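Below you'll find the structure, written out as structure tokens, and then a few comments.
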Amino acid sequence: MTPRRTFLVAALTGAGMATLAPGLLLIPAQAAAGADPARRFAILIDVTRCSADCTACVTACQAEQGWGPQGLGAADPHWVRKVEATDPTTGSTLSLPVLCQHCDNPPCVDVCPTGASFVRPDGIVLVDRHRCIGCRFCQMACPVKARSFVAAPQDDQRPHMPRGQGTVEACTLCVHRLDAGRQPACVEACGRDGGGAMLFGDLTDPDGPLVRALAARAASSLRADLGLGGRIRYAGL
Amino acid sequence: MAAATPIFTALAANRRIGGVVALLALLLAAGLAAAHRVELSGHAITGMTNHVVWGLPHVCALFLIVAASGALNVASLASVFGRVECKGLAPLSALLALALLVGGLSVLVLDLGRPDRLLVAMVHQNPTSIFAWNIGLYVGFLGLGVVYLGLLIERRLNRFAAPVGLAAFLWRLVLTSGTGLIFGLLIARPPFHGAMMAPLFIAMSLAQGGAVFLLVAHLLSWLGAAQPAPETERWLGRLLGAFVAIQIYCVLLLHVTHLYAARDLAMERFLLRDGGLYPLLFWGGLVLLAGALLPLLSRRARPLAGAALTVAGGLVQLYALLIGGQAVPLDLLPGRVVRSEFGDGVPASYLPSLPEAALGLGGVALALLLVLLGCRVLRLVPEASR
């Protein structure tokens with residue numbers, strides 16, 4: 001080959017590899033590291049102890065994960081939100097936090113074209129932000145609108161929670177805290193600053209407080225009629 | 001009809017083509033600039049939100065993708081159903097199908113939050129995702145379409161066009177079903193959920209694609225290609241009328257079945273009566289589609305007017321379906337009225353932005369540019385003497 005042709009081949013090969021490599025090689029494989037497949041974390045929310053004027057769980061989540069209103073209206077992120085539900089017959093009103101239900105059969109995971117939405121071995125539903133292409137199909141699929149799209153540039157991000165513009169995000173059940181043996185930030189804040197409505201635990205621990213509480217009171221996920229299951233159970237609905 | 005072998009030629013250069021290409025290139029550039037702007041600033045500068053996650057770009061992209069499938073009608077009629085009078089238009093039909101699909105997919109890709117990760121979508125495919133299946137269906141259709149087009153325009157290989165045409169015909173039925181099921185499989189969205197979306201999208205594709213074909217054929221004849229034979233055009237117009245009637249039937253069936261379910265009544269009231277803009281668009285689109293039947297099926301047929309009304313009605317209907325369906329409040333707690341700062345329990349608002357419109361129009365412009373490019377460099381339009 002002539003030197004010019006050699007140079008062209010080398011340049012094109014280099015350019016091709018530089019283009020392909022980020023997509024093919026740099027996708028981290030340790031997304032599920034730290035998860036214990038023998039455990040099934042869950043939260044029981046007693047809505048009778050959740051008051052309408054309390055947003056301790058929302059504030060704690062924002063502080064922990066580094067999200068919050070950016071003045072974008074309905075395009076603002078909302079990993080957890082407070083919802084008021086009124087019975088039209090009796091007029092009785094309940095207040096409850098709505099977050100990712102960490103479904104047993106998550107439709108967001110089913111529809112995700114790239115597998116960016118996935119279930120950790122311990123059942124927590126997460127988004128691999130290195131693989132998310134920002135198609136928002138998971139948002140269309142979620143029955144409780146628990147997922148948000150990062151619609152603007154982000155700064156002041158937490159080291160454990162990089163938030164990529166153009167990708168989808170949702171409650172992670174504070175996996176970084178769970179993997180360090182701590183409780184989710186919302187649960188901690190609810191006990192400290194709120195009504196103590198949230199009880200965190202492991203569904204596989206038959207003697208644990210969560211299982212005992214679930215045995216004592218009827219509780220269900222949101223939209224239980226869809227048969228998706230879920231790790232966020234509500235008592236008193 | 002006499003089975004004369006059509007003689008194909010390339011579209012000769014002229015000032016009209018130059019003007020149209022300049023206009024389309026301008027629209028394409030505006031679309032690319034809009035996509036770049038959204039990528040830099042984020043989707044916050046668009047009208048799309050966490051309620052209406054798919055907006056005007058998706059309406060345009062879906063229209064183009066659906067029309068791509070239907071644009072192949074004429075080639076299928078020639079190759080699969082033996083309509084010899086369609087043979088002269090078959091290569092244009094295949095080219096248009098390819099161009100519309102490329103235009104639609106370009107819009108979809110450029111609207112992604114991370115369009116730079118397209119390669120990720122190609123190498124990591126989730127087998128349970130209908131979206132991932134559709135990526136395969138679209139790529140397969142492009143491959144099949146290119147081969148089919150080659151067989152149609154290469155006289156020595158014409159004899160192989162029939163089996164490949166049959167494969168392309170069957171493939172596009174699956175493809176359009178797959179596109180409809182992107183919505184039909186959404187269990188959490190009652191306006192979309194259900195098997196009906198597959199036949200509805202097939203009906204839409206047959207009608208919209210057929211209409212776009214007639215309009216593009218006329219655009220090309222204005223640019224110097226041969227005018228389609230009037231009797232062929234009238235026949236295609238009558239066929240288009242049948243497809244439009246099927247689309248209307250599917251749309252009505254979708255809503256009537258929802259109306260029968262008590263749990264969906266509030267949703268149907270919103271979509272058909274109380275939802276402000278969306279009922280207006282729904283009924284307006286339906287009137288346009290029904291209005292298309294007159295010029296398409298009457299004794300003094302005017303296929304071009306019918307095609308224009310079909311495209312207008314189809315676009316409006318698609319907007320009402322896609323955006324209206326997302327504007328419907330989700331039933332978070334069945335039986336209860338819900339409210340939140342996020343906007344639970346109330347209809348979502350959506351106002352398309354300029355970048356979204358530019359991106360959508362850019363996709364249309366790209367499709368038409370590809371058609372013109374194909375007609376200029378390939379011998380695929382019938383000679384004017386015919």
Whole-Å distance, taken between Cα centres, linking region B:291-324 and region A:202-233:
52
Scoring chain B by relative contact order with C-alpha pairs under 8 Å, at least six apart, yields a percentage of 31
What size of dipole, in debye to the nearest 20, comes out for chain B about its Cα centre when the only charges are +1 on Lys and Arg C-beta atoms and -1 on Asp and Glu C-beta atoms?
1000
In Å, the C-alpha Rg and Dmax of the protein assembly as shown are 27.0, 89
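Summing +1 for each Lys or Arg and -1 for each Asp or Glu, what net charge is found among the other residues whose Cβ lies under 12 Å from the Cβ of B:Ser79?
Local charge sum for B:Ser79: +3.
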Two-site FRET efficiency, A:Thr93 against B:Leu166, from Cβ-Cβ distance with R₀ of 51 Å, rounded to 0.05:
0.25
For a quick check: sort A:Thr59, B:Thr49, B:Thr5 by the number of other beta carbons within 10 angstrom, fewest at the front.
B:Thr5, A:Thr59, B:Thr49
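Order the peptides A:70-79, B:273-282 from the highest to the lowest mean number of other Cβ atoms within 10 Å of their residues. Write down the numbers at each step before the final one.
On the way: A:70-79: 18.6, B:273-282: 16.5.
Highest mean packing first, the order is A:70-79, B:273-282.
Could you line up B:Ser79, B:Ser129 from fewest to most neighbouring Cβ atoms inside 10 Å?
Details: B:Ser79 28, B:Ser129 24.
Result, fewest neighbours first: B:Ser129, B:Ser79.
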Mean separation of Cα contacts under 8 Å (6+ apart) over length of region A:84-143, as relative contact order %
27
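Could you tell me whether region A:38-235 comes out rounded, prolate or oblate from its Cα gyration tensor? Rule is a ≥ b ≥ c as square roots of the eigenvalues, rounded for a/c under 1.5, then prolate if a/b exceeds b/c, otherwise oblate.
Values: a/c = 1.42, a/b = 1.28, b/c = 1.11.
Rounded is the answer for region A:38-235, as its axis ratio a/c remains below 1.5.
I need the calculated FRET efficiency for the pair B:Phe81 and B:Thr128, taking r as the beta carbon distance and R₀ as 45 Å, to the nearest 0.05.
0.80
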Counting just the Cα atoms, what span does region B:128-271 cover along each of its three principal axes? Round to the nearest Å and put the largest first.
59, 37, 24
Which order do B:Glu341, A:Glu64, A:Glu84 fall in if you start with the one that has the fewest other Cβ atoms within 10 Å?
B:Glu341, A:Glu84, A:Glu64
Distance between modelled label sites at B:Arg299 and B:Thr5, nm, 7 Å Cα→Cβ extension
4.1
Lys and Arg at +1, Asp and Glu at -1: add these up for the other residues within a Cβ distance under 12 Å of B:Val59 and post the number.
-2
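Calculate the mean, over all residues of peptide B:184-195, of how many other protein chain Cβ atoms lie within 10 angstrom of the residue's Cβ. Please list the in-between numbers first.
On the way: counts 0, 4, 7, 10, 11, 4, 0, 0, 1, 0, 0, 0.
Average neighbour count from other chains, rounded to a whole number: 3.
The numbers here are math on the coordinates, done by the rules we state, and not lab data. All values derive from a computational prediction rather than experimental measurement. Note: ideal-geometry Cβ built from the backbone for every residue, glycine included; neighbour counts use all protein chains shown.
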